[in-house]
1. Has segment B:84-97 got any residue that is at pLDDT below 95, over 16 Å from the mean Cα position of the chain (by Cα) and open to solvent by 20 Å² or more (accessible area, probe 1.4 Å)?
2. Residues of segment A:294-320 being within 13 Å of chain B (Cβ to nearest Cβ) and either open to solvent by 30 Å² or more (accessible area, probe 1.4 Å) or touching a His at 6+ places or on another chain (Cβ under 9 Å) (or both), which ones?
3. Residues being without any contact (Cβ under 8 Å) to a residue 24 or more places away in the chain and β-branched (Val, Ile, Thr): count how many of those fall in segment B:72-96.
4. Please go through segment B:202-223 and give me each residue that is part of a loop (DSSP other than H, G, I, E, B) and within 24 Å of the chain's Cα centre (by Cα), ordered by number.
5. Taking B:Ala168 and the conditions (1) more than 30 Å from B:Asn43 (Cα to Cα); (2) surrounded by fewer than 24 Cβ atoms within 10 Å (Cβ to Cβ), which numbered condition does it fall short on, given that it satisfies the others?
6. Please work out which one of (1) in contact (Cβ under 8 Å) with a residue 24 or more places away in the chain; (2) part of a loop (DSSP other than H, G, I, E, B) is the condition B:Ala69 fails and give its number.
Number of protein chains: 2
Amino acid sequence: MRDTSSVGLVAPQTARFDDALVLKSGDVLPGFELVYETYGTLNAARSNAVLVCHALSGNHHVAGFHDPAHPQKTAGWWDNLVGVGKPLDTDRFFVVGVNNLGGCHGSTGPRSLNPATGKPYGADFPLLTVEDWVAAQMRLSDRLGIATWAAVMGGSLGGMQALQWTLACPERARHALVIASAPKLSAQNIAFNEVARQAIRSDPEFYGGHYYEHGATPRRGLKLARMVGHITYLSGDQMAEKFGRQLRHGQHRFNYEVEFEIESYLRHQGDKFADAFDANTYLIATKALDYFDPAFAYGGNLAAALARAKAGFFVASFTTDWRFAPERSHEIVHALLQNGLNVSYAEIECAAGHDSFLLDTPHYHQALAAYLKGIVL
Amino acid sequence: MRDTSSVGLVAPQTARFDDALVLKSGDVLPGFELVYETYGTLNAARSNAVLVCHALSGNHHVAGFHDPAHPQKTAGWWDNLVGVGKPLDTDRFFVVGVNNLGGCHGSTGPRSLNPATGKPYGADFPLLTVEDWVAAQMRLSDRLGIATWAAVMGGSLGGMQALQWTLACPERARHALVIASAPKLSAQNIAFNEVARQAIRSDPEFYGGHYYEHGATPRRGLKLARMVGHITYLSGDQMAEKFGRQLRHGQHRFNYEVEFEIESYLRHQGDKFADAFDANTYLIATKALDYFDPAFAYGGNLAAALARAKAGFFVASFTTDWRFAPERSHEIVHALLQNGLNVSYAEIECAAGHDSFLLDTPHYHQALAAYLKGIVL
């Protein structure tokens, strides 16, 4: 049966920006490309556009599919959310998904040619911040003729970008949906990122970040990085329910092959990711996560940092998320309320840990749908 | 000022066992050596002996020091617990610390010569279980003339050995002190172990476990394994308090050197460990952790598995331990109580996470001292 709620077959587009971009680090990127997709139709008033920002390993392919022969296998990462009659309803909204700068899915990143050398940037690609991503997304907004987004939204690192939009250009985002996110990483969050980075950077196939030139890939390091990341995306309860101590062969075999099914699952996730993602992009994204801290310039005072914001906010967290626990969303909500802003907050019961934001748990999708319906176009 | 409560300068001893040991895996170890230390004096009735079992990265050097010029630097890992007037009082008890089979501190392990080949065992050293460790410790008990231990105790993996003693030979351990432990690993626990193992085994310097012969060390892998392990030993709160987002240089430098102090700390812990520990021993110990599950043979019924136990039990957990959370100790306590056994349970408030069992938090040491004082000699 055909899924009439899907946005259907979609294709990415590319926008080229020739003006240099000055980054927060002080480095300058001499022009860049962003790959993006759109779903639905921009209305005449240009008031119905929603920007969806992706998380650590996401990209511009948010909804619909790329291959009609394999609609499910090539579906966007938030396809359950975006479509006809779905919470982010494409009958009503014009939705834009974009691959961030530094990415590995078509936007300018470490794999792109460095015009200064004619070789891939590799380790010479500058480090980026959430602020830089938003600045690049702003160029895309201009190009698309979108002066003001009806909403900017995202989960996890995507939620940080949504929050940053309300600070960088308060007039250009009427609403921000900040889901399963945090106002900054904790020491433990940074620690896990650092393990991932060390795994990649200590892989002999990394070649100081210039592995493309050597025809190499730091596959082992990227696999390890994903394995440790994956543990933090799932809840302990969900792992217990899904895998527990289930044995691959019904008994202990006393070797280093898969004994417990959880080992097989993790190895598989690591291998899949190592085949599909770029290690330099992963490094850049974990650093962007580490650096994000809007309160830093305000002596740690988050309420002061958010004083510029004017958007309406939807903030959501998930009970079993231990990467960005509900308390981290409370910090955002309290700081917004201290500034007298309109905030809707939903704390969703869901067993799936941090990855809950990708699922279509009824309570969660109902809360999102209700908030998005309330946005005046 | 001289520490009069220290057991002072100590030296390890070695016991050689020539009879083969049949392991749980079915493999046979043709004789082996155990390195151990003792503190205090065995009484005439031989009724005052306490066996201290070590955790993942521990060894036989429990108390006292090895170098009079550096008493603190060469102190045993549980020196705050064992000594004159300390909770495990050496005026009263005869304390034995032993390096487990498969270890890298003197007992027979992967670095030892395989009599069959004349080369180091390396990857050919058999996989071990907590049951095997207790079986080897039993040989040492015989050698020392200790028919019955007044108590067997340990933290974490050491607590599992204490529990196993009460099952393997219920008549030979009058008390068991099971601290910061669990009746079996969760899927998440196994997942973290698997990341550590993959880090070591995918290191090109691992050579399939035969790195000694190549004059190599899988240093990178062992460092990563320790880094990820270390995150699970500390609580998130403690990391936040100790490091937070403290910057090494006061500002962001936008490179892959240390930005946040937590990165420096983790790298240092990883390096220190990689210099001091053996990767094959680490692999064996994580597998022993994974396999431990006394209820496995009883269809998952822990109470049935513990029905053989006759010891008195002291069980303790720590509020911020998320590796083996208090709930995991509750499982042990409930199963013991279902068998009508005497159980003292202490849930200690301590910010230090899993590693709390190594500290001398007053409430914790008071509870230990009270229990140990109550043991009739």
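1. no
2. Residues satisfying the conditions are A:Phe296, A:Ala297, A:Gly299, A:Gly300, A:Leu302, A:Thr320.
3. 1
4. Result: B:Thr217, B:Pro218.
5. Evaluating B:Ala168 over (1) more than 30 Å from B:Asn43 (Cα to Cα); (2) surrounded by fewer than 24 Cβ atoms within 10 Å (Cβ to Cβ) leaves (1) as the failure.
6. Against the list (1) in contact (Cβ under 8 Å) with a residue 24 or more places away in the chain; (2) part of a loop (DSSP other than H, G, I, E, B), B:Ala69 comes up short only on (1).
Residue by residue, here is whether (1) assigned to a strand (DSSP E or B); (2) under 21 Å from the mean Cα position of the chain (by Cα); (3) touching a residue at least 24 places away in the same chain (Cβ under 8 Å) holds:
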site: A:Ala307; (1), (2), (3): no, no, yes
site: A:Lys310; (1), (2), (3): no, no, yes
site: A:Phe313; (1), (2), (3): yes, yes, yes
site: A:Thr320; (1), (2), (3): no, yes, yes
site: A:Ile332; (1), (2), (3): no, yes, yes
site: A:Ala335; (1), (2), (3): no, no, yes
site: A:Glu347; (1), (2), (3): yes, yes, yes
site: A:Asp355; (1), (2), (3): no, yes, yes
site: A:Tyr364; (1), (2), (3): no, yes, yes
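Condition check ((1) farther than 28 Å from B:Phe357 by Cα; (2) in contact with an Asp or Glu (Cβ under 8 Å, 6 or more places away or on another chain); (3) open to solvent by 10 Å² or more (accessible area, probe 1.4 Å)) across all residues:
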{"site": "B:Arg111", "(1), (2), (3)": "yes, yes, yes"}
{"site": "B:Pro115", "(1), (2), (3)": "yes, no, yes"}
{"site": "B:Gln137", "(1), (2), (3)": "no, no, no"}
{"site": "B:Ser141", "(1), (2), (3)": "no, no, no"}
{"site": "B:Gly155", "(1), (2), (3)": "no, no, no"}
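The values are calculated or read from the model by the stated rules, or taken from the named source; none is laboratory data. Worth saying up front: this structure is predicted, and the values here are computed from it rather than measured. With ideal geometry, Cβ positions are generated from the backbone for all residues, glycine too; neighbour counts draw on all protein chains shown. Note: areas computed on protein heavy atoms with side chains; ligands, DNA, RNA excluded. Shrake-Rupley method; radii C 1.70, N 1.55, O 1.52, S 1.80 Å.
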